[in-house]
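Some notes on the structure that comes next.
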Ligand code: ADP
C-alpha cells in the first residue's frame with residue numbers, strides 16, 4: 001500500500017510517502033513546500049513530483065492519506081478524515097489555532113482533489129484515550145467540563161512510537177504487540193511485571209508522558225499545546241490568575257495576552273534571546289543570566305513531570321529522550337538525570353556523550369534504563385493509516401494481512 005502522510009502547516013505542506021505491506025515498511029519519498037497559499041496547487045505539485053520520480057502513476061496509486069491532526073475535543077483516535085473530523089477541528093480551532101484550521105481546509109481540499117482516495121486522521125490526543133479521569137480533569141465548574149475543558153495531551157504519535165520501540169528494545173515483545181494494536185483493540189492486561197516508561201519528547205514543543213505496559217497514564221500537556229513544559233515560544237503551565245492580573249496592570253487586551261502567551265513566551269520569553277535551545281545554551285555559556293534561567297526553568301520543569309510519573313507508577317524502568325532537544329543535547333540529559341542515584345538511576349557519562357541512537361545510556365548497575373529514541377511521528381501516522389484501512393477492508397470481507405512483525409525501514 002502506498003500511504004502518503006501530509007503534514008499541513010499554516011503556510012507549509014510537507015509530505016512523506018511510505019510503502020507498507022504485511023511485513024515491510026519503506027519510506028520511499030519525502031518533500032514539501034513553504035509559503036503555500038493554495039493547498040490545491042501544492043497537492044498537484046506533490047502528485048507531479050511523485051509521478052516524475054516513478055513512485056505512483058496517478059492518484060489511484062495512492063491507497064491512503066494520513067493526517068496528524070491535533071485537537072478534536074471528544075473526537076479522537078484514528079478515524080476516517082471526513083466531515084465530522086473537519087467540524088471537530090474547526091469547533092476546537094481556538095485551542096490549536098496554528099494547526100486545526102490548516103488541517104481542516106487541507107483535508108477538504110484533498111477530498112475534493114482526490115475523490116476515492118481514503119483519508120485518515122490520527123489525532124495527537126489519541127494516545128491519551130485511556131488516561132484515568134482523575135488525571136485528566138481540571139477542578140473547574142461542571143459547566144466548563146461540559147464544554148470539554150479538560151486535559152487532552154498531545155504528541156501522541158511520538159509518545160506511542162516511544163512506547164512501542166522502547167518495549168521492543170527492552171525485550172518486551174508482549175507490550176510492543178499491545179501498543180501496535182492499541183487503536184484497534186484498546187488496552188489489555190499483559191502478564192508478568194509492569195513495564196513503566198517515562199517518555200520525554202523535547203523539541204520545538206515538549207511534553208513528558210508516563211506509560212505503563214504501553215498505555216499512557218498521564219501527560220504534561222493539557223487542554224491545548226501551550227500547556228505543560230515551557231515550549232519554544234509558548235508559555236506552558238501558568239497560574240490562570242496571571243491573565244486578568246496582567247490585563248489590568250499592563251493594560252492588555254485578551255488578543256494581546258493570547259499573542260504574547262503563544263508567540264513571545266516559553267524559552268523565548270524567559271531568555272529574551274531565541275526560541276532555539278542551541279542559541280540559548282551558547283548565550284548561557286557566555287554568561288548570559290537570562291539564558292541560564294531559561295535553561296534552569298526548562299530542566300526543572302522536565303524533572304518535575306518525570307518525578308510526578310515516577311511516583312505515580314511506583315518506579316521507572318526506562319527514561320526515554322526523543323525529538324530535537326532530547327536527542328541532541330547530552331548536557332541537558334545529564335542535568336535532567338542528575339542526583340537520582342537514590343532512585344536507582346545512574347547515567348553513564350561517556351555513553352551519554354556519544355549517545356548512539358537506541359542505545360542504553362545508563363550504567364549496568366542502574367535500575368532505570370536511559371534511552372535515546374529518534375522521533376518517528378510520520379511513520380506512526382503511516383502505520384495507523386495502514387492498520388485503519390486494513391481493518392476496514394477486513395470488515396468489508398477483503399483478505400488483508402495485519403501482521404507487522406518483521407519490519408524494515410529504508411529511506412531515499
Ligand atoms: P520541531 O519540534 O519543530 O519538530 P525539533 O524536534 O527539531 O523541532 O526541535 C527543535 C529544538 O531542538 C530546538 O530548540 C533546537 O535547539 C534543538 N535541536 C535540534 N537539532 C539539534 C542539534 N543537532 N543539536 C542541538 N540541539 C538541536
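In the list 263, 248, which residue meets the criterion of being touching a residue at least 24 places away in the same chain (Cβ under 8 Å) and surrounded by fewer than 21 Cβ atoms within 10 Å (Cβ to Cβ)?
On inspection, the qualifying residue turns out to be 263.
Output the residues belonging to region 275-324 that are assigned to a helix (DSSP H, G or I) and either modelled with pLDDT under 95 or in contact with a strand residue (DSSP E or B) (Cβ under 7 Å, 6 or more places away or on another chain) (or both).
Within region 275-324, 302, 305, 306, 309, 310, 312, 313, 323 qualify.
Given the structure, is residue 232 over 20 Å from residue 94 (Cα atoms), within 16 Å of the ligand (Cβ to nearest atom) and surrounded by 14 or more Cβ atoms within 10 Å (Cβ to Cβ)?
no
Considering 303, 333, which residue is surrounded by 16 or more Cβ atoms within 10 Å (Cβ to Cβ), within 14 Å of the ligand (Cβ to nearest atom) and either in contact (Cβ under 8 Å) with a residue 24 or more places away in the chain or within 20 Å of the chain's Cα centre (by Cα) (or both)? First the steps, then the outcome.
Values: 303 fails: within 14 Å of the ligand (Cβ to nearest atom).
The match here is 333.
The rows are residues; the columns are (1) without any contact (Cβ under 8 Å) to a residue 24 or more places away in the chain; (2) away from the ligand (no atom under 16 Å from the Cβ); (3) more than 29 Å from residue 133 (Cβ to Cβ); (4) buried (at least 22 other Cβ atoms within 10 Å of the Cβ).
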| position | (1), (2), (3), (4) |
| --- | --- |
| 217 | no, yes, no, no |
| 220 | no, no, no, yes |
| 236 | no, no, no, yes |
| 241 | yes, yes, no, no |
| 255 | yes, yes, yes, no |
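Given the condition within 16 Å of the ligand (Cβ to nearest atom) and over 19 Å from residue 370 (Cβ atoms), answer yes or no: does some residue in region 187-200 qualify?
no
Could you pull out the residue among 84, 57, 16 that is without any contact (Cβ under 8 Å) to a residue 12 or more places away in the chain and within 18 Å of residue 120 (Cα to Cα)? Full working, then the answer.
On the way: 57 fails: within 18 Å of residue 120 (Cα to Cα); 16 fails: without any contact (Cβ under 8 Å) to a residue 12 or more places away in the chain.
Testing whether each residue is without any contact (Cβ under 8 Å) to a residue 12 or more places away in the chain and within 18 Å of residue 120 (Cα to Cα) leaves just 84.
Among the numbered conditions (1) closer than 28 Å to residue 128 by Cβ; (2) touching a residue at least 60 places away in the same chain (Cβ under 8 Å); (3) not in a loop (DSSP other than H, G, I, E, B), tell me where residue 94 comes up short.
(2)
Mind listing whichever residues of region 353-379 are touching a residue at least 40 places away in the same chain (Cβ under 8 Å) and under 19 Å from the mean Cα position of the chain (by Cα)?
Listed by number, the residues that qualify are 358, 371, 372, 373, 374, 375, 376, 377, 378, 379.
I'm told residue 130 meets every condition in (1) under 27 Å from residue 370 (Cα atoms); (2) part of a helix (DSSP H, G or I) except one. Can you identify the failing condition by its number?
With respect to (1) under 27 Å from residue 370 (Cα atoms); (2) part of a helix (DSSP H, G or I), residue 130 is out only on (2).
Looking only at region 113-155, count how many residues are modelled with pLDDT under 95 and surrounded by 14 or more Cβ atoms within 10 Å (Cβ to Cβ).
Qualifying residue count, region 113-155: 2.
Condition check: at pLDDT 95 or above, crowded, with 18+ Cβ neighbours inside 10 Å and under 30 Å from residue 236 (Cβ atoms). Does residue 36 satisfy that?
In short, no.
Name the pairs whose Cβ atoms lie under 8 Å apart, with the first residue in region 277-297 and on the phi < 0 side of the Ramachandran plot and touching a residue at least 60 places away in the same chain (Cβ under 8 Å), the second within 16 Å of the ligand (Cβ to nearest atom) and part of a helix (DSSP H, G or I), and 6 or more positions between them or separate chains?
Going by the 8 Å Cβ cut-off, the qualifying pairs are 294/267; 294/270; 294/271; 294/280; 294/284; 297/270.
Quick one: residue 319 ticks every box in (1) within 16 Å of the ligand (Cβ to nearest atom); (2) crowded, with 18+ Cβ neighbours inside 10 Å; (3) farther than 30 Å from residue 145 by Cβ; (4) in contact (Cβ under 8 Å) with a residue 24 or more places away in the chain bar one, so which box is it?
Of the numbered conditions (1) within 16 Å of the ligand (Cβ to nearest atom); (2) crowded, with 18+ Cβ neighbours inside 10 Å; (3) farther than 30 Å from residue 145 by Cβ; (4) in contact (Cβ under 8 Å) with a residue 24 or more places away in the chain, the odd one out for residue 319 is (1).
Could you say whether any residue in region 337-352 is within 16 Å of the ligand (Cβ to nearest atom), over 19 Å from the mean Cα position of the chain (by Cα) and modelled with pLDDT of 95 or more?
yes
For residues that are more than 15 Å from the ligand (Cβ to nearest atom) and touching a helix residue (DSSP H, G or I) at 6+ places or on another chain (Cβ under 9 Å), tally how many sit in region 264-279.
Residues flagged as more than 15 Å from the ligand (Cβ to nearest atom) and touching a helix residue (DSSP H, G or I) at 6+ places or on another chain (Cβ under 9 Å) within region 264-279 amount to 1.
The values are calculated or read from the model by the stated rules, or taken from the named source; none is laboratory data. Fair warning: this is a prediction, and the values are worked out from it, not measured in the lab. Don't worry about glycine lacking a Cβ; one is built from the backbone with ideal geometry, like all the others, and counts go over all protein chains shown.
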